[in-house]
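Engineer: Okay, here's the structure, questions in a sec.
The values are calculated or read from the model by the stated rules, or taken from the named source; none is laboratory data. Computed from a prediction, not measured in an experiment: that's the story for all the values here. Positions of Cβ are generated from backbone atoms using ideal geometry, with glycine treated the same way; all protein chains shown enter the neighbour counts. Remember, those area values only see protein heavy atoms, side chains included, never the ligands or the DNA or RNA. Shrake-Rupley method; radii C 1.70, N 1.55, O 1.52, S 1.80 Å.
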Amino acid sequence: MTIDFLQIEHLLRNSKTKEALEMLEECASQANPLEMAQICYLQGNAYRQLGNWRKAIGNYNLALQYDPNSPAREALKNANEILDFFNHDLYNP
């Protein structure tokens with residue numbers, strides 16, 4: 001089975017996040033390690049779009065376990081910077 005990463009990225013760009021996650025789940029069972037790195041990275045992006053930062057960061061970390069050179073490294077850095085910037089005191093006086 002060939003994984004159509006372009007189609008999945010297209011779904012994510014068009015806010016069809018749940019469809020993209022379903023496709024990624026289907027592909028994961030037959031993926032090789034480099035494909036798994038890409039799957040985990042895209043899952044991280046999908047969960048970030050949904051606002052689930054915990055799952056996004058978990059998937060980025062998993063992608064890095066499969067491939068230390070994955071673009072998940074930059075995505076993880078960006079996610080951590082965003083979360084570090086969030087000031088809880090402003091929202092919970």
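Engineer: Do any residues in the stretch 1-15 that are over 12 Å from ALA28 (Cα atoms) have Cβ atoms under 8 Å from those of residues that are open to solvent by 50 Å² or more (accessible area, probe 1.4 Å), where the two are at least six apart or on different chains, and which pairs are they?
Structural biologist: LEU11/GLU19; LEU12/GLN49; SER15/GLN49
Engineer: Search the stretch 35-53 for residues that are β-branched (Val, Ile, Thr) and pair each with any residue that is modelled with pLDDT under 95 when their beta-carbon atoms are under 7 Å apart and the residues are at least 6 apart or on different chains.
Structural biologist: Correct list of pairs: ILE39/CYS27; ILE39/ALA28; ILE39/ALA31.
Engineer: Separate question: Given the chain, what helices (runs of 4 or more DSSP H) lie entirely inside it while holding 2 or more residues that are open to solvent by 100 Å² or more (accessible area, probe 1.4 Å)?
Structural biologist: The helices (runs of 4 or more DSSP H) meeting that bar are 5-13, 17-28, 53-66, 72-85, 88-91.
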